[in-house]
Amino acid sequence: LMSSFLLHSLADEAATESDIATDSPAEPSDINCPSLLDGNSLSQTELITRLTDSCRYDRMEAPISVNRDGEIEPVAVYARFYINALKDLDSSDLQFLLQGLLQLRYFDSRLAFASYAPSRQQPVVGESALREKLWVPHIFLSNEQSSNILGTDEKDLLTSIYPDGTVLISFRVQATLYCWMNFQKFPFDQQNCTTILESWMYNTSMLQLHWEPNNSVSFHSQLQLTEYDLDGYVCNESVTVSDELSMSHGALVGNYSALSFSVLLSREVGYYIIEYFVPSMMIVAISWVSFWLQADQTPARSMLGCSTLLSFITLSLSQENNLSKVSYVTMSEVWFLVCTFFIFGSLMEFAFVNTIWRRNNNLELKKRTTKYIVRNTFVPKQMRRNPRSFNRSQSTMSGCNKVCGSSPNNTVITIETPIIIGADLLSRENSASSLEDGSSSLSSSSTAQLTDAQQAEKPPQTFATMTPKEVSLWIDRKMRFVFPLAFIVFNALFWSLVYCL
């Protein structure tokens, strides 16, 4: 009876052990490997210590699986970024500061403990000590200038292991990233600042990065920017090629998975309008005050023009110092050049009217219109060679030669009477008399020929006369409307290009 009882007991124990082996994963054959069969009774630290024991787990190997066809299936790592702050978008250094929470999620079947501890439903949570026991994907920011994990005494790094083997790594990161900005429309520009995450060690055949399907990138509800407006973001998944020329991943050649998201920013122009554009408009308008001053007031007009020009240059330099030195022309530089041209043009106008003011000769005009005033102002009549007087003298001499003969001993004297200006009548009388040595009178036919020649060469009458002072005042009055009208046209074109292109 005793022997049969022992046989039945051994058979029941064997059946029980076979059932346990069927329901739970196979244990390693190494007798020194700690058992996980009593996982429900283990503490969190004991459970993780046994799961990550060297007999079961190698943290140097990625959790790569092999499908039925014998092909390697890469580890899929899903990322999510929660942005707390965006600041220091510096136009001079082409960089910005990013602060937020980065989460990486992947699956590691070696860490699944649901079959060993079915009563444990909560994930195993730990900090840097837990992370040092696990295989963790090496992800880096490829466009970083500097970065660090935030924290006081310990780094703010949280590792969570779920019962099914899902690993979630969360850490607060602060990074200064490069942003390649375009300033062609500065200060009306829009910038796209990109953050790029790449796999450092494993290529696409072993590891692939993906954005989380839901809320891949999110922003803090109280996020505010001082100089820009946040218009949104764009996420992207790509592949980075590393070869012997680029050397983006050290000596490792291959294709590496990459994630990127671009923050769409538009610059707030209120500051620049109040601090730059409105003051520059006022400075240009002040330079037009010289048109209301007489041309002989040289100290006042010259001081006004020079002071406005220097003030505008100082104002522009204070704004351009915040911008990187670029090789192309920006919208702010176009504004600067045109406004400088207007101020410089007012100075040149003063120099021109001051020169006219100091002239001594009046302008004789056929008509008192803009066409004749401008033509006679730039090329005064007194400075032009009058061919009619020369021809008239020649014709008189030729007529006298006909009358008096062609003897070389004849002497001809031509006398031209001056211009006589009456109250309402301007007349010019010319007379020529020829005296011949040894003769006493002229024939009647020769006298008729001289009279016809004089009438044919009589110059046209002048209907108006303007003094140099009147011309200077006339030019200033015209410029009071020409300069503001031209500046209004320029503003219409400038602001249309800014907001329409």
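The values are calculated or read from the model by the stated rules, or taken from the named source; none is laboratory data. Treat the numbers as computed from the prediction; the structure is a model and nothing was measured. Cβ: placed from backbone, ideal geometry, glycine included. Neighbour counts: every protein chain shown. Side chains are part of the model used for accessible areas, which takes the heavy atoms of the whole protein and leaves out ligands, DNA and RNA. Shrake-Rupley method; radii C 1.70, N 1.55, O 1.52, S 1.80 Å.
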On each of the three principal axes the extent of the alpha-carbon atoms of the range 97-200, given in whole Å and largest first, is 63, 28, 23
Measure of exposure for W357: accessible area at 1.4 Å probe, Å² rounded to 10, is 40
In whole angstrom, the spacing between the Cα centers of the range 86-101 and the range 109-182 equals 24
Heavy-atom accessible area of T52, protein chains in place, probe 1.4 angstrom, given in Å² to nearest 10, is 30
By the C-alpha gyration tensor axes a ≥ b ≥ c (rounded if a/c is under 1.5, else prolate when a/b exceeds b/c, else oblate), the shape of the range 185-336 is prolate
Low-density loop trypsin sites (Lys or Arg not before Pro), the range 237-331, at most 10 other Cβ within 10 Å, DSSP non-H/G/I/E/B, are K325
The extension gain from A351 to N182, computed as 0.36 nm times the residue separation minus the Cα-Cα distance, is 56.7 nm
The farthest towards the positive end of the charge dipole of the range 54-183, of the residues N182, F107, Q122, given +1 on Cβ of Lys and Arg and -1 on Cβ of Asp and Glu, is Q122
Extend 7 Å from the Cα of Q224 along its Cα-to-C-beta direction; within the range 69-86, residues with backbone N under 18 Å of that point are 84-86
Taking N as the number of residues in the range 147-228, the ratio of its alpha carbon radius of gyration to 2.2 N^0.38 Å works out to 1.50
Length gained if D243 through V329 is fully extended, taking 0.36 nm per residue and subtracting the Cα-Cα distance, is 27.3 nm
Simple SL model, points at 7 angstrom along Cα→Cβ for T49 and S109; separation in nm is 2.8
For 55-62, 476-483, 159-166, ranked highest to lowest by mean beta-carbon neighbours within 10 Å, the order is 159-166, 476-483, 55-62
Ranking I139, Y202, Y57 by how far each Cα lies towards the positive end of the charge dipole of the range 54-211 (+1 on Lys and Arg Cβ, -1 on Asp and Glu Cβ), the top one is Y57
Residue span E320 to S266: 0.36 nm per residue of separation minus Cα-Cα distance leaves a gain in nm of 17.6 nm
Computed from the beta carbon distance with a Förster radius of 30 Å, FRET efficiency for W200 and A85 to the nearest 0.05 stands at 0.70
Log10 I(q)/I(0) at q = 0.12, 0.16, 0.19, 0.24 Å⁻¹ for the range 121-181, from Debye over equal alpha-carbon scatterers, is -0.39, -0.62, -0.79, -1.04
